[in-house]
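For reference, the structure discussed in these notes is given below.
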Amino acid sequence: MKKYTVTLGGWYQRTTLHLSEIHGFLESGFSKLPLSKEKLESFHKNLNLKSAERHADFFEFIEAHTTDHIVIKYYEDGLYILTLENEDILSSQKTLQDYFDNLFEPAINYIFSLGAPTPKILAHIKTSHPFVVTSFVNSIKSFDFEEKTFGKSYEIIESRQAKVYKTNDYIIIVSLKNNEKIIEELIETQIFFREFKDQLEKYLNIHRVIWEEISKIKEKEKIRGREVEEYRVKLDSYQKTVDLITNRINQMGSYSLTRASIARKLDLEKTLVDLFQYRFEVLQDTLAYIQEIWSMTDKYLKTAIQTIVEIKNQSASRNIVSLQVITTVGVVAALYGHLTRLDFPHITQVGILYLIILLSLTWLINYSIMKIFKNKTYKVSINDSSRL
């Protein structure tokens, strides 16, 4: 029977330091970090690994093999691929998906669970990784595309080295048997390119959500004093998200340039364009666009925060006036008491009643002023900009 290689892969920014951490874990369940040894041992045991070796090529990478014949490759820039060779594509797909969702991804996430957190708005976005199915044949023309298995193909592209069928769930690559190494490199670059673009698209969509939330504050024109703290907390939360995502976006450029350089050395650029319409120059242009958008978002957010801070300061100054009024009332009352006194002070029923009335009056004045300022509306003035 014909064998297919099914590949599931993704990319998340890493470095050679992270690769060392992953190697220590995959090889022996070890980590230098203050993580639970019991959890590390459990995650490592569940991965069912036979071996995990570190290699050097254009990138350093770890190659691990499982007892279920899954091959894992994890590169120092954060690209990872899981492959399984089998006659039954659907069975391979299910095995890879289950292994990734329930074993591999939770283990890697736990290793990197310390440090800067993933923004909640990003963590809640479920990422779907399309499967790449590879078939090596003696003749590309002899390949029989099985629509029942793959679904209907919406695009077919052919180059000198391979033929690609694209469906909703699969990318099917058919190539000659002597092209195994080239196709492997092509798949890795295609996965990196696809994941890079997907991340940028997520950041664009998150920008839109945050921008609209800021705009809602601006469009109110006026807000009440009691709402100020609620808006300040919300905007501070957005600021944390913007800072984290901005830093991640700014890290992406070097990864793209390195992958582009390797693609040139392997002579993959033309094939990437022919089969997938992928150009690294366009990727860099898109990255620059997203960086500019997030810079604008940061400025827009800071303007909103500054406006809320000014309103909060206005409210605080009104509270000071309230305290001044209360203090004045207290001083006047004390002076009046001293001026009308005929002898040295002593406790009387009238004095106690007088004190109760004075305290009640003071509380009523303070409460009234606070209520007035909480319900007082303040003008919101934020410079608007066109939506992107």
Please list, or write none, the aspartates and glutamates whose alpha carbon is within less than 15 Å of the alpha carbon of Lys216, excluding same-chain residues fewer than 8 places away. Glu227, Glu230, Asp384
Label point distance in nm, Lys3-Asp285, each placed 7 Å from Cα along Cα→Cβ: 4.3 nm
With a Förster radius of 41 Å, plug the Cβ-Cβ distance of Ser261 and Lys218 into 1/(1 + (r/R0)^6) and report the FRET value to the nearest 0.05. 0.40
From Cα pairs below 8 angstrom and at least 6 apart in sequence, can you work out the relative contact order of the stretch 4-176, rounded to a whole percent? 23 percent
Which sequence of Ser128, Ser42 reflects their accessible areas, 1.4 Å probe, from the largest down? Ser128, Ser42
R0 of 51 Å, Cβ-Cβ distance Val209-Trp363: FRET efficiency to nearest 0.05: 0.70
The size of the Cβ-based charge dipole (Lys, Arg +1; Asp, Glu -1) of the stretch 4-176 about the Cα centre, to the nearest 20 debye, is 360 debye
Those aspartates and glutamates that a straight Cα-Cα span of less than 19 Å connects to Lys126, excepting residues fewer than 8 apart in one chain: Asp98, Asp101, Glu105, Asp169, Glu195, Asp198, Glu201
So what's Rg/Rh here for the stretch 187-307, counting alpha carbon atoms and using the Kirkwood radius for Rh? 1.15
Spin-label proximity, Glu155 to the stretch 278-306 - amide N less than 20 Å from point 7 Å beyond Cα toward beta carbon: 278-287
Restricting to Cα pairs under 8 Å and 6 or more apart, the percent relative contact order of the stretch 16-66 works out to 33 percent
Partner lysines whose C-alpha sits under 23 Å from that of Lys177, ignoring same-chain residues fewer than 8 away, are Lys2, Lys3, Lys73, Lys141, Lys163, Lys166, Lys265, Lys270
Can you give me the distance in nm between label points at Val309 and His69, each placed 7 Å from the Cα along the Cα-to-Cβ direction? 6.3 nm
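Order 78-85, 145-152 from most to least packed using the mean count of other Cβ atoms within 10 Å.
78-85, 145-152
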Describe numerically, in nm with one decimal, the distance between label points set 7 Å from Cα along Cα→Cβ at Thr246 and at Ile352. 6.3 nm
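The values are calculated or read from the model by the stated rules, or taken from the named source; none is laboratory data. Because the structure is a prediction, the values reported are computed rather than measured. Every residue, glycine as well, gets a Cβ built from its backbone with ideal geometry; the counts of neighbours run over all protein chains shown. What goes into the accessible areas is simple: the full protein's heavy atoms, side chains included, and nothing from ligands, DNA or RNA. Shrake-Rupley method; radii C 1.70, N 1.55, O 1.52, S 1.80 Å.
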